[in-house]
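Structure first, commentary second.
The values are calculated or read from the model by the stated rules, or taken from the named source; none is laboratory data. Because the structure is a prediction, the values reported are computed rather than measured. Neighbour counts run over all protein chains shown; Cβ positions are idealised from the backbone, glycine included.
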Amino acid sequence: MVRLNKINFLERLIVVLKEKVAIIDIGSNTIRLVIYKKRKNGKQFKKIENIKKTTRLRSYLNDEQSLDQEGISLLIETLLNFQTMIGFYEVSEPICVATATIRQAKNKEDILQLIQEKTGLVVHVLGEYEEAYYGYLAVVNSIDILEGITIDLGGGSTELTYFNNRKLLHHASLPFGALSLKLQFIKGEIPTDQELVQIRQFIGSHIEKIPWIIDKQIPIIAMGGSARNLAQLHQRIHHLPPAGIHKYEIKIPEINGIKEKLKSLSFTELQNTEGLSKDRADTILLAIEVFEILCLFTSATKFISSGKGLREGVLYSHLNKRASGFTNQLLT
């Protein structure tokens, strides 16, 4: 069996942080490859490739909470395709991390063994704290903000952190994401009003148990594909010129306005909505419910979209710890 530990993962990262860095993020909804290249100043990295494959691995967890053979085959196929691209860019030691679905799969060790045998990749399965920490780190290294609550809404879990004076003070992992909410509650393509009521109650029952978020009256900083889509939708609905989605601010009442507009659309109309990824048409309303309920419990002052997330956090962490001379603004 493959034995992975945090020390080996850190050592591996030190080896690969050279001119180019490839990070593979095996998520519950998507698998993504991002390749970064060091700038000429030697102190910053820029993104030179970003490839996404929507696999929805979460939907391949069976009743025993094991990833079934179809899901494993899709995962291996995607990673082999990514390896081809990594070879094209001549990156010798890709970093590969996995989150909630692999973390929760009963056959996790078998999956990791098979990945290594078929692709040569060594996968580090992030713990709940690690996943939350890397998201927090991406935010405080790329946004000038002293206090806030971060939310990384994935397909199978949701990670929250609270930081003050840029220091991480609390974290929590919620056992649901946009895709798992759909699989658990939604019978059709998009939620009915009754299903949305059930989902709100479910989300609220988990968030209300986290004492350190109640009535904080500070900004919410959201990362992940759903947060990026929400920022893009806000720009389109309010007829604003494209301004990028990193550090993009939305007033709290406007989140509900976007949700109500989307609720009036059919699934086909959602799929064709400008600013909304087609593969998120069936989960965007669920994601917005999570954002809106979190804002309600925290009495959030504003909602900020972060274009930097887990993958950038992995890079920030080890550049900051192990390499001298790097600037705080490591990614451009």
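Count of segment 130-150 residues, restricted to those that are in contact with a Pro (Cβ under 7 Å, 6 or more places away or on another chain) and surrounded by fewer than 24 Cβ atoms within 10 Å (Cβ to Cβ), is 1. For segment 100-114, give me the residue count where each residue is without any contact (Cβ under 8 Å) to a residue 60 or more places away in the chain and crowded, with 22+ Cβ neighbours inside 10 Å. So the count comes out to 2.
T273 - would you say it is of a type in the set (S, T, N, Q) and either modelled with pLDDT under 95 or surrounded by 19 or more Cβ atoms within 10 Å (Cβ to Cβ) (or both)? In short, yes.
Every residue, every condition in (1) without any contact (Cβ under 8 Å) to a residue 24 or more places away in the chain; (2) buried (at least 23 other Cβ atoms within 10 Å of the Cβ), yes or no:
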| site | (1), (2) |
| --- | --- |
| T84 | yes, no |
| V97 | no, no |
| E128 | no, no |
| D152 | no, yes |
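Based on this model, can you work out whether I72 counts as at pLDDT 95 or above, assigned by TED's automatic domain parsing to the domain that holds L112 and among the aliphatic types (A, V, I, L, M)? So I72 fits the description; yes. The set of residues in segment 1-42 being of a type in the set (S, T, N, Q) and modelled with pLDDT of 90 or more consists of S28, N29, T30. Number of residues in segment 273-313 that are small (G, A, S) and in a strand (DSSP E or B): the value is 1. Among the conditions (1) closer than 22 Å to H206 by Cα; (2) surrounded by fewer than 16 Cβ atoms within 10 Å (Cβ to Cβ), the only one that K278 does not satisfy is (1). Within segment 95-106, the residues that satisfy the criterion of being closer than 14 Å to G71 by Cβ and in contact with a strand residue (DSSP E or B) (Cβ under 6 Å, 6 or more places away or on another chain) are A98, I102, A105.
For the condition more than 28 Å from K53 (Cα to Cα) and in contact with a strand residue (DSSP E or B) (Cβ under 6 Å, 6 or more places away or on another chain), what is the one hit in H239, H234, H171?
Every option except H171 fails the conditions.
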